[in-house]
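Asker: Sharing a structure here in structure tokens format.
Coordinate-derived values only; no laboratory data. What you are looking at is a predicted structure, and each value in this text was computed from that prediction instead of being measured. Please note: Cβ atoms are built from the backbone with ideal geometry, for glycine as well, and neighbour counts cover all protein chains shown.
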Amino acid sequence: MLKIGVLVSGRGSNLQAIIDGVESRKIYASIELVISDNPDAYALQRCKRHGIRHSVLRRKDFSSKDEFEEALAENLKEKGVELVVLAGFMRILGKSFLRHFPNKVINIHPSLIPAFQGLHAQRQAVEFGVKVSGCTVHIVDESVDAGPVIVQAVVPLLPDDTEESLSERILSYEHRVLPQTVQWFAEGRVEVDGRKVIVRGAEYGTLPVNPRLEKF
Ligand code: GAR
């Protein structure tokens, strides 16, 4: 069974989606450790409720970013973690961390990257006036929200959307694509070749258009 570690900073609804997937045996993985960089993260309550091992590592308790990252990696490796899932982890990880888990760190981002990277992706989408946005699960490299894409879900924007309403609509897809990706890793089906990621045996399909086309 694939051993995973999850890094969080806040609410942890994506962590919850993974917990639910593991508990319902849709995901053949075990959550070995959850680490939060924020002691007040609600995600930690979820761990307590589900009996999941968790700890807090605060950046400010380390004298450098490198030391913080080495400690993160050490804690995960100690538990035998093979795949690291960033689920609302709001820090940029560098080489000191990533070198321990090559092509084995994944992140969920609430936009169709490379659009709307960084903070407040949903607000950026509403303000730009795009007609579709969505979410992306990607391999984490040293870029910010720009590593090789594993899967993207397209979500339409509606004329009255606010940052909140769009965030909610995108989130319901985040809770599907992230657990699915973990399961693809558990099945050993994710192949990374430079920027190109293929999920072996997956069905690659068509794209929706929003608004709907009428004459063509
Ligand atoms: C999610 O929307 C996730 O996509 C986003 O933070 C939220 C965390 O929610 N992540 C990023 O913006 C990363 N750049 P959660 O704590 O309820 O899972």
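Asker: With θ taken as phi - 60° and the coefficients 6.51, -1.76 and 1.60, list the Karplus ³J(HN,Hα) couplings across segment 98-111 in order, rounded to whole Hz; mark glycine and proline as x.
Answerer: Taking θ as phi minus 60°, the curve returns 5, 4, 7, 9, x, 6, 10, 10, 10, 9, 10, 10, x, 7 Hz for segment 98-111.
Asker: Related question: Once you have all Cα-Cα distances for segment 131-216, histogram them in 5 Å bins from zero and send the whole-percent values.
Answerer: Reading the bins upward from 0: 3, 12, 19, 21, 19, 13, 9, 4, 1.
Asker: Moving on to the next point. Roughly how many Å is it from the Cα centre of segment 99-127 to that of segment 41-93, as a whole number?
Answerer: First find each Cα centre; the distance between them is then 19 Å.
Asker: Can you tell me the mean projection area, over all orientations, of the convex hull of the chain's alpha carbons? Units nm², please. Walk me through the numbers on the way to the answer.
Answerer: Details: hull surface 51.9 nm².
The orientation-averaged projected area of the Cα hull of the chain comes to 13.0 nm².
Asker: Here is a further query. Taking only the Cα atoms of segment 14-55, how large is their convex hull per residue, in Å³?
Answerer: Values: hull volume 2.6 nm³, N = 42.
Per residue, the Cα convex hull of segment 14-55 comes to 63 Å³.
Asker: Given +1 on the Cβ of Lys and Arg, -1 on the Cβ of Asp and Glu, and no further charges, what dipole in debye does segment 81-160 carry about its Cα centre, rounded to the nearest 20?
Answerer: Details: 6 positive and 6 negative charges, 31 e Å.
It comes to approximately 160 debye.
Asker: While we're here: Given a cut-off of 21 Å, name the pairs among Lys3/Lys48; Lys60/Lys95; Lys77/Lys196; Lys3/Lys77 whose C-alpha atoms lie farther apart than that in the structure shown.
Answerer: On the way: Lys3/Lys48 19 Å; Lys60/Lys95 19 Å; Lys77/Lys196 27 Å; Lys3/Lys77 10 Å.
Cα-Cα > 21 Å for Lys77/Lys196; rest within.
Asker: Something else now. Amide H to amide H, which residues 5 or more places from Ser133 or on other chains are under 5 Å from it, using H placed in the peptide plane?
Answerer: Val155, Leu157
Asker: At R0 = 45 Å, how high is the FRET efficiency between Asp61 and Val154 if r is their beta carbon distance? Nearest 0.05 is fine. Please list the in-between numbers first.
Answerer: Working: r = 41 Å, r/R0 = 0.90.
Between Asp61 and Val154 the formula returns 0.65.
Asker: Enumerate the amide H contacts of Leu86 below 5 Å, restricted to partners 5 or more residues apart or on another chain; note that Pro and chain-start residues carry no placed amide H.
Answerer: Leu7, Ile106, Asn107, Ile108
Asker: Right, here's the next one. Could you tell me the distance between the Cα centroids of segment 149-207 and segment 6-21, to the nearest Å?
Answerer: Computed from Cα coordinates, the inter-centre distance equals 16 Å.
Asker: For the chain, what does -39500 (n - 2.57) per DSSP helix run (n ≥ 4), summed and divided by total residues, give at 222 nm, in deg cm²/dmol to the nearest 500? Display every interim value, and only then the final one.
Answerer: Details: 6 runs with 70 residues, N = 216.
Mean residue ellipticity, 222 nm, calculated: -10000 deg cm²/dmol.
Asker: Cα axis of helix 163-186 to longest principal axis of the chain: angle in degrees, 0 to 90, nearest 10?
Answerer: The answer is roughly 60 degrees.
Asker: Any lysines with Cα under 25 Å of the Lys131 Cα? List them, leaving off those in the same chain fewer than 8 positions away.
Answerer: Within the straight-line limit of under 25 Å, Lys131 reaches these lysines: Lys215.
Asker: Let me ask something else about it. Tell me, which longest segment in the chain has none of the GluC sites (Glu not before Pro) that fall in DSSP loops with at most 10 further Cβ atoms within 10 Å? Numbers along the way, then the final one.
Answerer: Numbers: sites that count: Glu203, Glu214.
Longest gap between qualifying sites, sites excluded: 1-202.
Asker: Let me check against my output: what whole-number percent is the relative contact order of segment 1-98, with C-alpha pairs under 8 Å and at least 6 apart?
Answerer: Numbers: 167 pairs, mean separation 38.5, N = 98.
Computed over segment 1-98, the figure is 39 percent.
Asker: If the only charges are +1 at each Lys and Arg Cβ and -1 at each Asp and Glu Cβ, what is the size of the charge dipole of the chain around the Cα centre, to the nearest 20 debye?
Answerer: Values: 28 positive and 28 negative charges, 77 e Å.
The dipole magnitude comes to about 360 debye.
Asker: What number comes out for the charge environment of Val197, summing +1 per Lys or Arg and -1 per Asp or Glu over other residues with Cβ under 14 Å away? Show your work: numbers first, answer last.
Answerer: Values: positive: Lys104, Arg189, Arg195, Lys196, Arg200; negative: Asp141, Glu191, Asp193.
So the surrounding residues net to +2.
Asker: If you don't mind, another one. Short version: ³J(HN,Hα) in whole Hz for each residue of segment 4-19, in order, from phi by Karplus 6.51 cos²θ - 1.76 cosθ + 1.60 (θ = phi - 60°), x for Gly and Pro, what are they?
Answerer: Values per residue, Gly and Pro as x: 10, x, 10, 9, 9, 10, x, 4, x, 5, 6, 4, 4, 4, 6, 4 Hz.
Asker: When you have a sec, figure out the Kirkwood radius of segment 48-150 from all distinct Cα pair distances and drop it here in Å to one decimal?
Answerer: On the way: mean 1/r = 0.0663 Å⁻¹.
It is 15.1 Å.
Asker: DSSP beta bridges in the chain, what fraction antiparallel, as a percent rounded to 5?
Answerer: On the way: 15 of 32 bridges.
Roughly 45 percent of the beta bridges in the chain run antiparallel, per DSSP.
Asker: Still on this structure, please answer the following. Return the FRET efficiency for the residue pair Glu163, Met90: r is the Cβ-Cβ distance, R0 is 25 Å, and the value is rounded to the nearest 0.05. Spell out each step's value before the answer.
Answerer: Values: r = 17 Å, r/R0 = 0.67.
Taking R0 as 25 Å, the efficiency between Glu163 and Met90 is 0.90.
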